[in-house]
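The values are calculated or read from the model by the stated rules, or taken from the named source; none is laboratory data. The structure presented is a predicted model; accordingly, all values stated were derived computationally and were not measured. Cβ sites come from the backbone with ideal geometry, for glycine too, and all protein chains shown count toward neighbours.
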């Protein structure tokens, strides 16, 4: 009971001391406020970015594996030279027929092309693919319909517009049934896709889809594939399917045991892990920078507490003369430092939450405020107060009572 009373009295005295020096106390807390707010905002941005990455990867489809020609890359450096024409329609067919962990195989051939409607021009990626693309890649139609097997067999000159392409060529005007030119060849618009959004630096809505046979024979004049989309039976079968595909393609491409793959197999989980790791690294880097602000705020607290000890030397002497113990003086100054840092931390939390909301609304950035980030920020602000307040508190409690009473 007595200990609780002493604690409450120490807190009351701490607030009284802060009130007597309002401006100095506010400036001292500023570093803690900025540091705590920055930590919360940065963590909110990192978590928001991670969630956005996860949504964008999931929007590609489910249980996907991507096979592309050429060796894997590390950054911008190709690890092994390889031709861009090493995947064929026969490879895609073989994967469908001979890999038991695979359910669907959808090849693509794509190139950038010049699109024109009346007096409007737009440069976009033209993708030749199969009707199953709609299901495997989780594509939804806003208007019209996707092309069919019949369209594929007859090499029809029809196209499905991504939403960005539709907006730039037609605005809000009707597009179904209209004729556009792709590299100077007439194509009829059969459908318009729902927006899917940006994935990293790639706009998923800035594409035009046409039948694969039309792309290879009538438009692009090629017989090789740019990419093969493969759907595994389930998430549990993704790794097994990837191994089956790699083994099959090595055999088909007659690669010896010592030779590197002339193709690149990546799973949806690999892409997600890579993006999340990148996002986490940047978040930790920014959080580290924000924590520096907390440390600067802690140094400010220590500096002000040392000034306070000097100013209140005679007060300390009087308290000791009437019976205050050294640990009472120590706890008093330590609580004052803690009160400064905790108040600054609470204001910083409000600033961080407000900053995250403003960034989300004004800059359209993805933010996610987690309770754990608030607890972390509050914990560090309190820890800073204790750590940087300990030295001034020890100095105050170590004063000689007689010398303190003589101090002017």
Sort through 368, 334, 269, 306 and tell me the only one that's in contact (Cβ under 8 Å) with a residue 60 or more places away in the chain, assigned to a helix (DSSP H, G or I) and either touching a helix residue (DSSP H, G or I) at 6+ places or on another chain (Cβ under 7 Å) or not assigned by TED's automatic domain parsing to the domain that holds residue 12 (or both).
-> 306
Among the residues of region 34-51, which ones are closer than 17 Å to residue 382 by Cβ and crowded, with 24+ Cβ neighbours inside 10 Å?
-> 35, 36, 37, 39, 40
Log entry, pairs with first residue in region 169-185 being on the phi > 0 side of the Ramachandran plot, second being surrounded by 14 or more Cβ atoms within 10 Å (Cβ to Cβ), beta carbons closer than 7 Å, six or more apart or on different chains, reads 177/189; 183/113; 183/219
Which residue, of 338, 347, 334, is under 44 Å from the mean Cα position of the chain (by Cα) and surrounded by fewer than 21 Cβ atoms within 10 Å (Cβ to Cβ)?
-> 347
Search result, residues across region 64-108 that are at pLDDT 90 or above and loosely packed, with under 13 Cβ neighbours inside 10 Å | 90, 93, 97, 100
Residue identified as more than 30 Å from residue 40 (Cα to Cα) and not in a helix (DSSP H, G or I) among 317, 323 = 323
Limited to region 355-365, what total is found for residues that are without any contact (Cβ under 8 Å) to a residue 24 or more places away in the chain and part of a helix (DSSP H, G or I)?
-> 4
Lone qualifier among 216, 173 - being part of a loop (DSSP other than H, G, I, E, B) and either surrounded by 15 or more Cβ atoms within 10 Å (Cβ to Cβ) or more than 28 Å from the chain's Cα centre (by Cα) (or both) = 173
Can you pull out the residues in region 183-204 that are farther than 30 Å from residue 52 by Cβ and either outside the structural domain of residue 116 (by TED's automatic domain parsing) or surrounded by fewer than 20 Cβ atoms within 10 Å (Cβ to Cβ) (or both)?
-> 183, 184, 185, 186, 188
